[in-house]
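K.L.:
Structure provided below as structure tokens; questions to follow.
The values are calculated or read from the model by the stated rules, or taken from the named source; none is laboratory data. These numbers were taken from a predicted model, which means no experiment stands behind them. We place every Cβ from the backbone using ideal geometry, glycine too, and count neighbours over all the protein chains shown. Surface accessibility is based on the protein's heavy atoms, side chains included, excluding ligands, DNA and RNA. Shrake-Rupley method; radii C 1.70, N 1.55, O 1.52, S 1.80 Å.
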Amino acid sequence: DGFDPASEAVPYEHRPLFDRWIVSRLNTLRKNVEACYEDYDITGAGRLIQDFVCDDLSNWYIRLNKKRLWGSGMSEDKLSAYQTLYEALVSVALLSAPIAPFFMERLWLDLVPGGKSVHFEKMPECDLTLLDEGLEESMAFAQKASSMVLALRKKVGINVRKPLAKLLVPVMDEQVKEHIVRVQDILLTEVNVKQIEYLHDTTGI
């Protein structure tokens with residue numbers, strides 16, 4: 001696609017929900033990893049980075065956003081996806097450099113051609129203005145709910161490729177419902193269900 005990291009950044013407020021979520025998670029990671037390094041907690045820092053890369057970035061963000069990169073041309077949405085992923089990978093290289101120096105040097109030089117060593121760079125700072133704890137909590141509900149639904153599908157032998165008509169969600173807390181409503185399109189796509197019905201009365205179910 002000829003992606004240029006130096007191209008003008010898509011404004012944060014114009015980026016889709018998924019991009020704003022991973023940017024918030026990235027800044028949370030920056031804050032928490034810095035705190036670990038300040039306390040000489042190398043293991044804690046490594047686990048935080050591992051969880052972010054495996055669970056949030058690879059298994060959730062990249063996997064569910066592949067289609068955004070398939071189309072021809074460079075739309076604003078596609079550019080936003082590229083820029084968001086690039087920012088995440090650059091930050092991972094910088095944050096991981098003290099504990100995986102050789103691999104992160106390779107990653108950094110691949111991402112920043114002609115750049116200096118990653119070990120000459122400063123640690124990325126947390127941008128508090130990009131933190132959205134509410135969005136992070138909402139997406140966590142989507143992740144947990146999708147895992148539960150997929151586990152139920154597996155238990156009864158219904159392949160995820162087979163679309164289902166409805167997902168019934170008991171509402172025990174209105175705040176929880178608000179979180180799920182915010183990300184319900186993502187949840188429905190992930191579990192291949194057409195709609196959600198929220199139940200306030202679960203008697204007889």
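K.L.:
Taking the Cβ of Arg161 as the centre, find all other residues whose Cβ is under 15 Å away and add up their charges (Lys, Arg: +1; Asp, Glu: -1). Don't skip to the answer; put the middle values down first.
P.N.:
Working: positive: Arg153, Lys154, Lys162, Lys194; negative: Glu190.
Around Arg161, the charge tally is +3.
K.L.:
Tell me, what HN-Hα J-couplings in whole Hz come from the Karplus equation 6.51 cos²θ - 1.76 cosθ + 1.60 at θ = phi - 60° for each residue of region 118-130, using x for Gly and Pro?
P.N.:
Once θ is set to phi - 60°, the couplings for region 118-130 become 4, 7, 9, 9, 7, 5, x, 8, 6, 9, 4, 6, 9 Hz.
K.L.:
Where nothing but the Cβ of Lys and Arg (+1) and of Asp and Glu (-1) is charged, how large is the charge dipole of the chain around its Cα centre, in debye to the nearest 20? Walk me through the numbers before you get to the answer.
P.N.:
On the way: 24 positive and 31 negative charges, 257 e Å.
Charge dipole, the chain, about its Cα centre: 1240 debye, nearest 20.
K.L.:
In square angstrom, what is the accessible area per residue of the chain with a 1.4 angstrom probe? Please report the intermediate quantities before stating the final value.
P.N.:
Values: 12450 Å² over 205 residues.
Roughly 61 Å² per residue, with all protein chains present.
K.L.:
I would also like to ask the following. Can you tell me which aspartates and glutamates have their Cα less than 18 Å from the Cα of Lys66? Leave out same-chain residues fewer than eight positions away.
P.N.:
Asp1, Asp19, Asp55, Asp56, Glu76, Asp77, Glu87, Asp185, Glu190
K.L.:
With a 1.4 Å probe and all protein chains kept in place, how do Arg161, Arg15 rank by accessible area, largest first? If you can, show how the numbers build up before the last one.
P.N.:
Details: Arg161 210, Arg15 25 Å².
The ranking, largest first, comes out as Arg161, Arg15.
K.L.:
Can you list the HN-Hα couplings for region 57-65, worked out from phi with the Karplus curve (6.51, -1.76, 1.60; θ = phi - 60°), rounded to whole Hz and with x for Gly and Pro?
P.N.:
Whole-Hz 3J(HN,Hα) from phi for region 57-65: 7, 6, 7, 10, 5, 5, 4, 8, 10.
K.L.:
Given that just one value was derived from the coordinates, which of (1) 14.4; (2) 11.0; (3) 9.7 is mean projected area of the Cα convex hull in nm²?
P.N.:
(1)
K.L.:
How big is the accessible area of Phe103 in square angstrom, nearest 10, if you roll a 1.4 angstrom probe over the protein chains?
P.N.:
Accessible surface of Phe103 is approximately 140 Å².
K.L.:
If each of Leu199 and Leu164 carries a label point 7 Å out from its Cα toward its Cβ, how far apart are those two points in nm?
P.N.:
1.2 nm
K.L.:
Further, regarding this structure: On the full set of protein chains, 1.4 Å probe, figure out the accessible area of Lys177 and give it in Å² to the nearest 10.
P.N.:
Counting only protein heavy atoms, the figure is 50 Å².
K.L.:
Residues with beta-carbon under 12 Å from that of Lys122, excluding Lys122: net charge, scoring Lys, Arg +1 and Asp, Glu -1?
P.N.:
Every neighbour counted, the sum reads -1.
K.L.:
If you don't mind, there's one more thing I want to ask. Mind checking the dipole of region 119-205: about its Cα centre, +1 per Lys or Arg Cβ, -1 per Asp or Glu Cβ, Debye to the nearest 20? Mind dumping the intermediate values first?
P.N.:
Working: 11 positive and 14 negative charges, 195 e Å.
In debye, rounded to 20, region 119-205 gives about 940.
K.L.:
Per-residue HN-Hα couplings for region 75-92, Karplus 6.51 cos²θ - 1.76 cosθ + 1.60 at θ = phi - 60°, whole Hz, x for Gly and Pro?
P.N.:
Running phi through 6.51 cos²θ - 1.76 cosθ + 1.60 with θ = phi - 60° gives 6, 4, 5, 5, 4, 4, 5, 4, 5, 5, 5, 4, 4, 5, 5, 4, 5, 4 Hz.
K.L.:
Mind listing the long-range amide H neighbours of Leu167? Cut-off is under 5 Å, sequence gap 5 or more, other chains count too, H placed in the peptide plane at 1.01 Å from N.
P.N.:
Counting only residues 5 or more places away or on other chains, the set is Gln195, Ile196, Glu197.
K.L.:
If you don't mind, another one. Can you give the angle from 0 to 90° between the axis of helix 42-51 and the longest principal axis of the chain, with both taken from C-alpha atoms, to the nearest 10?
P.N.:
50 degrees
K.L.:
Cα axis of helix 17-38 to longest principal axis of the chain: angle in degrees, 0 to 90, nearest 10?
P.N.:
50 degrees
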